[in-house]
2 protein chains.
Amino acid sequence: MLERLRQAQDTITSAMSAIDGAPFREDRWERPGGGGGWARVLQDGAVFEKAGVNVSAVHGTLSEQAFSAMRARGIETAARDFFATGLSLVLHPHNPHAPTVHANYRYFELGGGEHWWFGGGADLTPSVLYEEDVVHFHRVLKKACDRHDPAFFPKFKAWCDTYFFIKHRNEARGVGGIFFDDLHDRPRDALFDFISDGLAAFVPSYAPIVERRKDMPHTDEERRWQQLRRGRYVEFNLVWDRGTHFGLRTDARVESVLMSLPLTARWEYCHEPLPWQQDLLDVLTQPRDWV
Amino acid sequence: MLERLRQAQDTITSAMSAIDGAPFREDRWERPGGGGGWARVLQDGAVFEKAGVNVSAVHGTLSEQAFSAMRARGIETAARDFFATGLSLVLHPHNPHAPTVHANYRYFELGGGEHWWFGGGADLTPSVLYEEDVVHFHRVLKKACDRHDPAFFPKFKAWCDTYFFIKHRNEARGVGGIFFDDLHDRPRDALFDFISDGLAAFVPSYAPIVERRKDMPHTDEERRWQQLRRGRYVEFNLVWDRGTHFGLRTDARVESVLMSLPLTARWEYCHEPLPWQQDLLDVLTQPRDWV
């Protein structure tokens, strides 16, 4: 799995570097309790305001808190030794017409393989709504899912809409994609292939979108709206995202956990959306089927 | 209590308006479950990037979640009807030499007065450390505390350092002040007088500081550092602040709860502090006694 993740990290950072023109910096970090990771970040590039593509593989003993969280999820085990590996990426482009994207694919193991599961997904967060971009993104993900099970896409699409929801704003973080967790209902090799296809789908799902939006002319008003949407992204990640919360309450590397935050964000009191901004909000409050 | 809070709201917004030159807008809001509030906000003024001074008085029936939270805090009661009133303010000035300030004074009652307590405090968050500002702020608060009990200030100062701590960064949000909660160990009138003195101390504690910093020349580097510190402010409020979390998980008015967030904030991956920035960080990792 780790080998496949590192390979995907290379493919993705090469493709994004080619679009931006700037390289990613890589930081190798080690986790005091066991394992570590490779953080790759491109900050303040020509196209990306902030782009992070992380791979980690950590192992050790679950904390009391983490163990309780596992039990609460219905995993009945006495095993406390764990292994977790995953790739996690968030790309925030400068241009307000180019959407932010997030993807994460991960594998978790307890008791040396007694319990194991996969999780992951990818989702898109535009500031300005281009329906063709959303349709393209969903289509590529659907194709990757359909190769494995026609039931995957509808199920994981709905799960994504439910998970990336900013409850206190009563709106979705973005226009969705796929999300799944606790996946272990077929052979490990089959699910590894699915994850592998998900990783391979990332560049084709996103690169054409950022390519056609990155140089679009934009107004100060569009940029300000993008900054407000970045604020909502921060709200979701810091208030509702389980992974972020878990990371901040354990001994994870803070700079890697919070790499997902945008370079800049904005909060205006009682902002009144303009009609074109309302178009996006309508989609965020009433998730649609795009394919 | 509400009358005293509304009077303090007038005094504080008048004083801050006089410093800024711009008025606060007032929004009257009603809570579906009972009561409501008066939100006063000054956004993008000459001195303040964002300034909010809210008063609310709400009543109703505790949700299951809120009731459990009360029990967890050791309040043994079957009563579910509550009354809560308070003043809450956060002022974020433009100038990076002028510190952000927060204050909150509140009263809570369960079962029509069967259980009641006061909470509150005030704390300062500079981006650039001016020791004389911190000393002044702490001195004014100490004087307000000492009039009631010489034990208050040392206890509430330490509580403030503990509460406003960003655990995942291992640093305090700011240079402290006072914080207290569950205060009910003497007659209600005596504690009301203490809260009243806390409210009265706000303008003298902060106005002289913002007056002397608001027009200081500043560099882009200082402004950028301020934006990074604003990011930490957001992290504390969204990840660790109990009041914010409670508000976002209940039916509180979101725009009032998140009024505390700055207009703009910034997150850089692995920012390396300069020596003058390290001076602030040293104080945030090792809280000092200022008076």
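The values are calculated or read from the model by the stated rules, or taken from the named source; none is laboratory data. Worth saying up front: this structure is predicted, and the values here are computed from it rather than measured. As a convention, Cβ positions derive from the backbone with ideal geometry for all residues, glycine included, and neighbour counts pool all protein chains shown. For the accessible areas, the whole protein counts, side chains as well, though only heavy atoms, and no ligand, DNA or RNA atoms are used. Shrake-Rupley method; radii C 1.70, N 1.55, O 1.52, S 1.80 Å.
Laid out as a table, the results:
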quantity: Test: A:GLU3 is open to solvent by 50 Å² or more (accessible area, probe 1.4 Å) and within 14 Å of another protein chain (Cβ to nearest Cβ); calculated: no
quantity: Filtered residues of segment B:133-167 (kept if open to solvent by less than 20 Å² (accessible area, probe 1.4 Å), assigned to a helix (DSSP H, G or I) and not aliphatic (A, V, I, L, M)); calculated: B:ASP133, B:PHE137, B:HIS138, B:CYS145, B:PHE152, B:PHE153, B:PHE156, B:LYS157, B:CYS160
quantity: Residues satisfying the stated conditions in segment B:173-227, i.e. over 15 Å from B:THR100 (Cβ atoms), surrounded by 20 or more Cβ atoms within 10 Å (Cβ to Cβ) and out of contact with any helix residue (DSSP H, G or I) (no Cβ under 9 Å at 6 or more places or on another chain); calculated: none
quantity: Any hit, segment B:24-31, residues being among the aromatic types (Phe, Trp, Tyr) and closer than 26 Å to B:ARG230 by Cβ; calculated: yes
quantity: Residues satisfying the stated conditions in segment B:197-246, i.e. of a type in the set (A, V, I, L, M) and within 10 Å of chain A (Cβ to nearest Cβ); calculated: B:VAL234, B:LEU238, B:VAL239
quantity: Counted residues, segment B:123-132 - those being touching a helix residue (DSSP H, G or I) at 6+ places or on another chain (Cβ under 6 Å), touching a residue at least 60 places away in the same chain (Cβ under 8 Å) and not in a loop (DSSP other than H, G, I, E, B); calculated: 1
quantity: Residues that are among the aliphatic types (A, V, I, L, M) and closer than 28 Å to B:ARG224 by Cα, drawn from segment A:246-291; calculated: A:LEU248, A:ALA252, A:VAL254, A:VAL257, A:LEU258, A:MET259, A:LEU261, A:LEU263, A:ALA265
quantity: Residue count, segment A:259-288 (criterion: at the interface with chain B (Cβ under 8 Å from one of its Cβ atoms) and more than 18 Å from A:GLY120 (Cα to Cα)); calculated: 10
quantity: Of the criteria (1) open to solvent by less than 10 Å² (accessible area, probe 1.4 Å); (2) in contact (Cβ under 8 Å) with a residue 60 or more places away in the chain, which one B:VAL55 fails; calculated: (2)
quantity: Test: residue in segment B:60-74 that is under 22 Å from the mean Cα position of the chain (by Cα), over 25 Å from B:ALA200 (Cβ atoms) and buried (at least 21 other Cβ atoms within 10 Å of the Cβ); calculated: no
quantity: Residue count for segment A:212-248, restricted to those that are touching a residue at least 40 places away in the same chain (Cβ under 8 Å) and within 22 Å of A:LEU87 (Cβ to Cβ); calculated: 5
quantity: Members of segment A:154-172 found to be more than 14 Å from every other protein chain (Cβ to nearest Cβ) and in contact (Cβ under 8 Å) with a residue 60 or more places away in the chain, listed by number; calculated: A:LYS157, A:ASP161, A:PHE164, A:ALA172
quantity: Residues (of a type in the set (A, V, I, L, M, F, W, C) and either in contact with a Ser or Thr (Cβ under 9 Å, 6 or more places away or on another chain) or at pLDDT 95 or above (or both)) located in segment B:252-269; calculated: B:ALA252, B:VAL257, B:LEU258, B:MET259, B:LEU261, B:LEU263, B:ALA265, B:TRP267
quantity: Every residue from segment B:236-291 that is within 30 Å of A:ARG40 (Cβ to Cβ), open to solvent by 50 Å² or more (accessible area, probe 1.4 Å) and assigned to a helix (DSSP H, G or I); calculated: B:PRO275, B:GLN278, B:THR285
quantity: Condition met for A:PHE24 (buried (at least 20 other Cβ atoms within 10 Å of the Cβ) and over 23 Å from A:ALA122 (Cα atoms)); calculated: no
quantity: Whichever residue in segment B:33-51 is over 18 Å from the mean Cα position of the chain (by Cα) and either open to solvent by less than 10 Å² (accessible area, probe 1.4 Å) or modelled with pLDDT under 95 (or both) and, among such residues, is farthest from B:ARG6 (Cα to Cα); calculated: B:GLY33
quantity: Of all residues in segment B:26-59 being farther than 25 Å from B:VAL210 by Cβ and among the basic types (Lys, Arg), the one that is nearest to the other protein chains (Cβ to nearest Cβ); calculated: B:ARG28
quantity: Enumeration of residues in segment B:248-258 that are over 16 Å from B:LYS50 (Cβ atoms) and more than 8 Å from every other protein chain (Cβ to nearest Cβ); calculated: B:THR250, B:ASP251, B:ALA252, B:ARG253
quantity: Members of segment A:6-59 that are assigned to a helix (DSSP H, G or I) and among the basic types (Lys, Arg); calculated: A:ARG6
quantity: Among (1) farther than 30 Å from A:LYS214 by Cα; (2) of a type in the set (Asp, Glu); (3) assigned to a strand (DSSP E or B), the one test that A:GLU3 misses; calculated: (3)
